[in-house]
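Worksheet: the structure to be examined is printed underneath.
Each reported figure results from applying straightforward, stated rules to the coordinates on display, with no laboratory input. As the structure is a prediction and not an experimental result, all values here were calculated from the model. In this analysis, Cβ positions are derived from the backbone assuming ideal geometry, glycine residues included, and neighbour counts consider all displayed protein chains.
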Amino acid sequence: MMNSDMDNSGQAAVKVLKVICSMATSRLLQELILAYTKLTGTQVRLESTGGVTAVQRVAAGEKFDIVILALPAITRLATSVQFSPPANIALSKMALAVHEDHPTPDINNEEALRTVLLGAKSIGCSTGPSGDHLKQIFTRWGQETQLGQKLVVAPPGISVGSLIASGKVDIGFQQLSELLPLLGIKILENLPPEVQLTTCFAGAIPEYSEDATDAKALLQFLVSPEADDIKIQHGMTPSE
């Protein structure tokens, strides 16, 4: 019988770590994993998708060596999937964006932001933490109907910023890390503190991983000080 670590030619099969993440951390992880592979030779296959889709795939039994999502999503998944204790990778803030040709809106305080949103024809949001948070704000303002009917939810895996750049929505909210790489939009990072949302993205190793040792080593690199500068370049903050 052929060894399971051998391929059909009798050569040792190359192990590949499987990692799934949400779109908010996709570009950050691509760069960090490339650096890690150059450093260690470890091969990693990263799959980036909408956070809701990622949760559904993991909950349905699809196997990954590391799951990297918003910490609340990891916590919810832990009710059905056994994980190692999650490691906090980075903190990400929500930002607002408009088309690059749009006048810069006044969002210096919460009331000014509400006025801007009431005047918008459409408001883009995601299916992730920032989208849920936005709906909670509308409810707190008592305008969940008036503003809620303007919401355009980006399909999983599609950036709100791309909807803004194409003119499909007037204004939108998303993780800063997802907006930064896009052309054709104007980003306003400094949201009023009353409406700002900081999301912690974390990684956890399912107990079924057959490469838990390699997965742990990668996760340790992702939370190490060596990764801090790259996180900042991608609009995130190293987790404390």
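Can you tell me the orientation of helix 110-119 relative to the chain, as the angle in degrees between its alpha-carbon axis and the longest Cα principal axis, to the nearest 10?
80 degrees
What full-extension length gain, to one decimal in nm, is calculated for LEU183 and GLN143 as 0.36 nm per residue of separation minus the Cα-Cα distance?
Values: separation 40, 0.36 × 40 = 14.40 nm, distance 3.14 nm.
Once the chain is fully extended between LEU183 and GLN143, it gains 11.3 nm.
Once you charge only the Cβ atoms, +1 for Lys and Arg and -1 for Asp and Glu, what is the size of the charge dipole of the chain about its Cα centre, to the nearest 20 debye? Write out the running numbers ahead of the final one.
Numbers: 18 positive and 25 negative charges, 96 e Å.
Dipole of the chain, to the nearest 20 debye: 460 debye.
Pick out which of ALA95, ALA217, ALA154 has the largest mean-square fluctuation in a Gaussian network model of the chain, springs linking Cα atoms closer than 10 Å.
Taking springs between Cα atoms under 10 Å, the residue moving most is ALA217.
Which of ILE66, PRO129, LEU39 sits farthest toward the positive end of the charge dipole of the chain, with +1 on the Cβ of Lys and Arg and -1 on the Cβ of Asp and Glu?
PRO129
Where in segment 29-66 does the label zone of LYS216 land, with the point 7 angstrom along Cα→C-beta and an amide N cut-off under 11 Å?
Under 11 Å, as judged by backbone N against the label point of LYS216, lies no residue of segment 29-66.
Would you mind telling me the antiparallel percentage of the DSSP bridges in the chain, rounded to 5? Write down the numbers at each step before the final one.
Numbers: 24 of 39 bridges.
DSSP beta bridges in the chain are roughly 60 percent antiparallel.
Using alpha carbons only, how many degrees (0 to 90, rounded to 10) separate the axis of helix 26-40 from the longest principal axis of the chain?
Result, in degrees: 30.
Of the listed pairs LYS121/LYS231; LYS18/LYS38; LYS15/LYS216, which have alpha-carbon separations greater than 23 Å here? Write down the numbers at each step before the final one.
Working: LYS121/LYS231 34 Å; LYS18/LYS38 17 Å; LYS15/LYS216 15 Å.
In this structure, LYS121/LYS231 exceed 23 Å between Cα atoms.
For ASN109 and LYS168 in one chain, what is 0.36 nm times their gap in residues minus the Cα-Cα distance, to one decimal in nm?
On the way: separation 59, 0.36 × 59 = 21.24 nm, distance 2.61 nm.
Gain on extension, ASN109 to LYS168, equals 18.6 nm.
When Kirkwood radius over Cα pairs in Å is calculated directly from the model, which label among [x] 19.1; [y] 20.5; [z] 18.5 fits?
So the structure-derived entry is [x].
Please report the net charge: other residues with Cβ closer than 14 Å to the Cβ of GLY142, K and R +1, D and E -1. Intermediate results must be reported in sequence, preceding the final value.
Working: positive: ARG114, LYS135, ARG140; negative: GLU110, GLU111, GLU144.
Overall, the nearby charge balance is 0.
Given DSSP loops and a limit of at most 15 other Cβ atoms within 10 Å, what is the longest stretch of the chain that contains no such trypsin sites (Lys or Arg not before Pro)? Write down the numbers at each step before the final one.
On the way: sites that count: LYS15, LYS63, LYS121, LYS168.
For trypsin sites (Lys or Arg not before Pro) (loop position, at most 15 other Cβ atoms within 10 Å), the longest site-free span of the chain is 169-240.
In segment 69-194, what % of DSSP beta bridges are antiparallel (nearest 5)?
Values: 9 of 14 bridges.
If I count the DSSP bridges inside segment 69-194, around 65 percent turn out antiparallel.
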